[in-house]
């Protein structure tokens, strides 16, 4: 069977499934029956889901859970999280409950600027180009009014522009760095539309100016595109309490000891990039789950966060901890370019539900919620690491998955859950327990 195909996207759903079965699944054709169970029963919902991607065969369900008891800026939230790892939701919930009796999370949006770039080559007189930049900026803004008018009325639009010279690194390479405010929209389509118009206007401006378009001059737009690095779109999330309020943070150490050990764990992540990578991954366990639930782009969010963590040239922890005058302070500044209008936020039924559950926040409100979820997840992970160890809680949450993998019955699962309530959970240990349980029940 030929494994290369032309025009796959033009096939019907049934034809796509049949071709995949014939070309890549040997033997009988189980694909249709397997995939039918993952199609939404409402045809209209499935039509929407099909339109979100290309060559869709079915849906790939991921659990949609809730982390309750978040007190953020004196408001209560139950935060939806989309993630396949139960320990993440449990950990975020635990941290939320812990801090809810200690003033909760404080979150503040420090800035909301997003960035885009027009990358271009210019072989003419660069001194003349920079001398003309004020006229150039005025022309670009004027030509883009049909695109920016609605955003400007909402309080957004283009907020700044810089002409940058990179010709010392790449011959004839220049860049327009543009700053945007997109209000409650993530703004990707808006930004890219403006930047592409800027590129056309830039070419026309240079071509029509005899000081810039001298004989032999060539101008070429390489690309016009937003940047997912948004170091000026920052939200701070933080928690703090006195040492005596940490008395129940650990069963094995007092508040001051816990605070000092916790602070050292964060400091290690500031120093060592190997530890920082895992440390920050834990932060994004919480962030990605909420970003995905709200219909935002978790891939862009994570790429930006990791780039921001390396902004000094040394990859380090996104969160920080200090101890001063017997007060424990744990905080994080993180770039989060999110939206609550446009894109999937209103199109995907569960993304709409997420925003409803969160009280239909503005983009800045969602930034505060997401950052708090990330800090909560980080606190829970570090609390486990410096006290009981990460595996105790993680593997207990993973026990259900192990039992499913082993095909355990309801009775076997109940017995295993009881047995491992005070035992270390491992795959081999659970497998051995199930085998012995079955032998005792069926010795023959």
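Against the criterion of being assigned to a loop (DSSP other than H, G, I, E, B), farther than 28 Å from residue 368 by Cβ and touching a strand residue (DSSP E or B) at 6+ places or on another chain (Cβ under 8 Å), residue 217 qualifies.
When residue 223 is tested against (1) in a loop (DSSP other than H, G, I, E, B); (2) surrounded by fewer than 18 Cβ atoms within 10 Å (Cβ to Cβ), just one condition goes unmet, and that condition is (1). Any idea which of (1) closer than 24 Å to residue 297 by Cα; (2) modelled with pLDDT under 95; (3) touching a helix residue (DSSP H, G or I) at 6+ places or on another chain (Cβ under 7 Å) is the one residue 397 doesn't satisfy? Of everything listed in (1) closer than 24 Å to residue 297 by Cα; (2) modelled with pLDDT under 95; (3) touching a helix residue (DSSP H, G or I) at 6+ places or on another chain (Cβ under 7 Å), residue 397 misses just condition (1).
Just checking, does the range 149-162 include any residue being crowded, with 16+ Cβ neighbours inside 10 Å, out of contact with any strand residue (DSSP E or B) (no Cβ under 6 Å at 6 or more places or on another chain) and in a helix (DSSP H, G or I)? Looking through the range 149-162, none of the residues is crowded, with 16+ Cβ neighbours inside 10 Å, out of contact with any strand residue (DSSP E or B) (no Cβ under 6 Å at 6 or more places or on another chain) and in a helix (DSSP H, G or I).
Taking first residues from the range 429-442 that are farther than 15 Å from residue 407 by Cβ and partners that are surrounded by 11 or more Cβ atoms within 10 Å (Cβ to Cβ), the Cβ contacts under 9 Å between residues at least 6 apart in sequence or on separate chains come to 429/420; 429/423.
Can you say whether residue 242 is surrounded by fewer than 20 Cβ atoms within 10 Å (Cβ to Cβ), assigned by TED's automatic domain parsing to the domain that holds residue 74 and either more than 24 Å from residue 298 (Cβ to Cβ) or within 25 Å of the chain's Cα centre (by Cα) (or both), as far as the supplied structure shows?
Yes; evaluated as a whole, the condition is true for this residue.
Just a yes or no: is a residue in the range 39-50 within 30 Å of residue 399 (Cα to Cα), out of contact with any strand residue (DSSP E or B) (no Cβ under 8 Å at 6 or more places or on another chain) and assigned to a loop (DSSP other than H, G, I, E, B)? The answer is yes; a qualifying residue exists.
Taking the range 91-130 as the range and being touching a helix residue (DSSP H, G or I) at 6+ places or on another chain (Cβ under 6 Å), within 26 Å of residue 337 (Cα to Cα) and surrounded by fewer than 19 Cβ atoms within 10 Å (Cβ to Cβ) as the test, only 109 passes.
The single condition from (1) on the phi > 0 side of the Ramachandran plot; (2) touching a residue at least 24 places away in the same chain (Cβ under 8 Å) that residue 7 fails is (2). Here residue 128 clears all of (1) in a helix (DSSP H, G or I); (2) within 31 Å of the chain's Cα centre (by Cα); (3) touching a residue at least 24 places away in the same chain (Cβ under 8 Å) except the condition numbered (2).
For the residues 96, 138, the requirement of being free of Cβ contacts under 8 Å to residues at least 12 places away in the same chain and in a helix (DSSP H, G or I) singles out 138.
The values are calculated or read from the model by the stated rules, or taken from the named source; none is laboratory data. Worth saying up front: this structure is predicted, and the values here are computed from it rather than measured. Positions of Cβ are backbone-derived with ideal geometry, glycine not excepted, and every protein chain shown enters the neighbour counts.
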